[in-house]
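Readers should treat all values here as calculations from the given coordinates under stated rules, not as data from a laboratory. What you see is a predicted model; the values in this text were computed from it and never measured. Positions of Cβ are generated from backbone atoms using ideal geometry, with glycine treated the same way; all protein chains shown enter the neighbour counts.
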Amino acid sequence: MTFGNAPMWRALGFSAIFLVLALPLPGVHAEDATPTPEEYVGHAGGDSHLLPPGEFKLDNRKQLCGQRPTVIDNALDDYGAAYPGFLIMNPRLLDKVSTPVKQWIFAHECGHQFRGPDEETADCFAVQRGRRQQWLTPEGLEEVCNFIAPAKGDGMHFSGSHRCEYMRRCYEDPNIK
Ligand SMILES: [Zn+2]
């Protein structure tokens, strides 16, 4: 499901929706196409639903992204995604990965909320937040690396190994990006 040209940020980035959006379209503004969480749930249907900020948990740990709500969508074709203003999480897929990987996915999508569309910046935000909040150990970071290792690069995303190299550097970097 897509909403026109609205920028949907993805955990693994198999889609290049944002790239398309970044091209200036005469008379079309990105903001116009961005759905509200309620609109998203209305379109997604099924068992999708909206959770207010602070209500979403991963392995019983409360996940916060400022005042952003979380939409649960088990039919999403990725582990997580985000539109400006809210996060989308897919518990059906998230259930298959370890706790640090789950939290990294949430934090990556949260990174887009505060840092914008750049994937490397969202990756860096996620690992630095994990280090600061103490849910991401060096071992957990390796689990994240193994998780994204198969991801091939595309127009928007570097390959898994490249992303990992950068995340390891960010994780060590005392300066918050
Ligand atoms: Zn992303």
Q: Report yes if some residue within the stretch 167-177 is surrounded by 15 or more Cβ atoms within 10 Å (Cβ to Cβ) and under 13 Å from the mean Cα position of the chain (by Cα); otherwise report no.
A: no
Q) Looking only at helices (runs of 4 or more DSSP H) that fall completely inside the stretch 103-177, which ones have 2 or more residues that are free of Cβ contacts under 8 Å to residues at least 60 places away in the same chain, of a type in the set (Lys, Arg) and out of contact with any Asp or Glu (no Cβ under 7 Å at 6 or more places or on another chain)? A) 119-132, 160-172
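Listed here are the residues, each with its yes/no results for (1) buried (at least 21 other Cβ atoms within 10 Å of the Cβ); (2) of a type in the set (Phe, Trp, Tyr).
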residue: 85; (1), (2): no, no
residue: 90; (1), (2): yes, no
residue: 98; (1), (2): no, no
residue: 104; (1), (2): yes, yes
residue: 116; (1), (2): no, no
**Q.** Residue identified as more than 26 Å from residue 118 (Cβ to Cβ) and either outside any loop (DSSP other than H, G, I, E, B) or within 16 Å of the ligand (Cβ to nearest atom) (or both) among 50, 87, 93
**A.** 50
Q: Please state which of the following conditions residue 46 fails to meet, knowing it meets all the rest: (1) loosely packed, with under 13 Cβ neighbours inside 10 Å; (2) under 13 Å from the mean Cα position of the chain (by Cα).
A: (2)
